[in-house]
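The structure appears right after this line, and notes come after that.
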(Lines give C-alpha, C1' and ligand atoms only; values in the text may rest on other atoms or scores of the structure.)
Protein backbone atom coordinates (compact mmCIF):
# COMPACT_ATOMS: atom_id res chain seq x y z
CA UNK A 1 0.00 0.00 0.00
CA UNK A 2 1.37 3.47 0.75
CA UNK A 3 5.12 3.80 1.06
CA UNK A 4 4.64 6.18 3.99
CA UNK A 5 2.47 4.29 6.48
CA UNK A 6 1.40 7.59 8.09
CA UNK A 7 -0.67 8.65 5.09
CA UNK A 8 -3.86 7.06 3.77
CA UNK A 9 -3.77 4.90 0.66
CA UNK A 10 -4.44 6.72 -2.59
CA UNK A 11 -6.42 5.40 -5.53
CA UNK A 12 -3.13 4.72 -7.29
CA UNK A 13 -1.84 2.75 -4.28
CA UNK A 14 -4.96 0.58 -4.18
CA UNK A 15 -4.95 0.09 -7.96
CA UNK A 16 -1.27 -0.84 -7.98
CA UNK A 17 -1.68 -3.32 -5.12
CA UNK A 18 -4.75 -5.01 -6.58
CA UNK A 19 -3.13 -5.17 -10.04
CA UNK A 20 -0.05 -6.84 -8.53
CA UNK A 21 -2.18 -9.38 -6.65
CA UNK A 22 -4.29 -10.24 -9.70
CA UNK A 23 -1.18 -10.41 -11.90
CA UNK A 24 0.60 -12.74 -9.47
CA UNK A 25 -2.47 -14.97 -9.20
CA UNK A 26 -2.84 -15.17 -12.99
CA UNK A 27 0.86 -16.01 -13.34
CA UNK A 28 0.59 -18.84 -10.80
CA UNK A 29 -2.50 -20.20 -12.54
CA UNK A 30 -0.74 -20.19 -15.90
CA UNK A 31 2.29 -21.95 -14.40
CA UNK A 32 0.00 -24.64 -12.97
CA UNK A 33 -1.77 -25.11 -16.28
CA UNK A 34 1.59 -25.33 -18.04
CA UNK A 35 2.71 -28.06 -15.62
CA UNK A 36 -0.52 -29.97 -16.20
CA UNK A 37 -0.09 -29.79 -19.95
CA UNK A 38 3.51 -30.95 -19.79
CA UNK A 39 2.79 -33.89 -17.47
CA UNK A 40 -0.35 -35.28 -19.08
CA UNK A 41 -2.85 -33.79 -21.42
CA UNK A 42 -5.57 -35.97 -22.84
CA UNK A 43 -8.55 -34.47 -24.63
CA UNK A 44 -10.60 -34.88 -21.46
CA UNK A 45 -7.95 -33.12 -19.42
CA UNK A 46 -7.79 -30.27 -21.92
CA UNK A 47 -11.58 -29.91 -21.88
CA UNK A 48 -11.59 -29.81 -18.07
CA UNK A 49 -8.73 -27.31 -18.00
CA UNK A 50 -10.47 -25.15 -20.57
CA UNK A 51 -13.59 -25.05 -18.40
CA UNK A 52 -11.53 -24.06 -15.38
CA UNK A 53 -9.67 -21.38 -17.34
CA UNK A 54 -13.01 -19.99 -18.56
CA UNK A 55 -14.24 -19.90 -14.97
CA UNK A 56 -11.05 -18.22 -13.79
CA UNK A 57 -11.24 -15.71 -16.65
CA UNK A 58 -14.76 -14.81 -15.56
CA UNK A 59 -13.52 -14.36 -11.98
CA UNK A 60 -10.66 -12.13 -13.14
CA UNK A 61 -13.10 -10.06 -15.23
CA UNK A 62 -15.28 -9.71 -12.13
CA UNK A 63 -12.26 -8.60 -10.08
CA UNK A 64 -11.34 -6.04 -12.75
CA UNK A 65 -14.91 -4.67 -12.61
CA UNK A 66 -14.66 -4.49 -8.83
CA UNK A 67 -11.34 -2.62 -9.05
CA UNK A 68 -12.81 -0.15 -11.55
CA UNK A 69 -15.76 0.38 -9.22
CA UNK A 70 -13.49 0.98 -6.24
CA UNK A 71 -11.33 3.38 -8.23
CA UNK A 72 -14.44 5.30 -9.30
CA UNK A 73 -15.72 5.28 -5.73
CA UNK A 74 -12.44 6.61 -4.34
CA UNK A 75 -11.98 9.17 -7.09
CA UNK A 76 -12.23 12.84 -6.17
CA UNK A 77 -13.13 13.80 -9.74
CA UNK A 78 -16.87 14.11 -10.41
CA UNK A 79 -18.42 12.38 -13.40
CA UNK A 80 -19.22 14.50 -16.45
CA UNK A 81 -22.91 14.49 -15.51
CA UNK A 82 -22.15 15.56 -11.93
CA UNK A 83 -19.86 18.29 -13.22
CA UNK A 84 -22.53 19.65 -15.57
CA UNK A 85 -25.11 19.62 -12.76
CA UNK A 86 -22.75 21.51 -10.45
CA UNK A 87 -21.86 23.95 -13.21
CA UNK A 88 -25.55 24.67 -13.94
CA UNK A 89 -26.25 25.15 -10.23
CA UNK A 90 -23.30 27.48 -9.85
CA UNK A 91 -24.43 29.51 -12.89
CA UNK A 92 -27.93 29.78 -11.43
CA UNK A 93 -26.75 31.13 -8.06
CA UNK A 94 -23.70 33.08 -9.29
CA UNK A 95 -24.29 34.21 -12.88
CA UNK A 96 -21.24 35.58 -14.66
CA UNK A 97 -23.12 38.26 -16.60
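The values are calculated or read from the model by the stated rules, or taken from the named source; none is laboratory data. Because the structure is predicted, anything quoted here is derived from the model rather than measured. We place every Cβ from the backbone using ideal geometry, glycine too, and count neighbours over all the protein chains shown.
Assorted remarks:
- If the condition is being closer than 30 Å to residue 19 by Cβ and free of Cβ contacts under 8 Å to residues at least 24 places away in the same chain, then the range 69-97 contributes 69, 72, 73, 76, 77, 78, 79, 80, 81, 82, 83.
- In the range 62-73, residue nearest to the chain's Cα centre (by Cα) [restricted to those that are loosely packed, with under 11 Cβ neighbours inside 10 Å and modelled with pLDDT of 80 or more]: 65
- Residue among 59, 76 that alone is under 19 Å from the mean Cα position of the chain (by Cα) and part of a helix (DSSP H, G or I): 59
- Residue selected from the range 79-97 under the condition loosely packed, with under 10 Cβ neighbours inside 10 Å and assigned to a loop (DSSP other than H, G, I, E, B), by the criterion modelled with the lowest pLDDT: 97
- The number of residues in the range 1-48 that are surrounded by 12 or more Cβ atoms within 10 Å (Cβ to Cβ), at pLDDT 85 or above and over 18 Å from the mean Cα position of the chain (by Cα) comes to 3.
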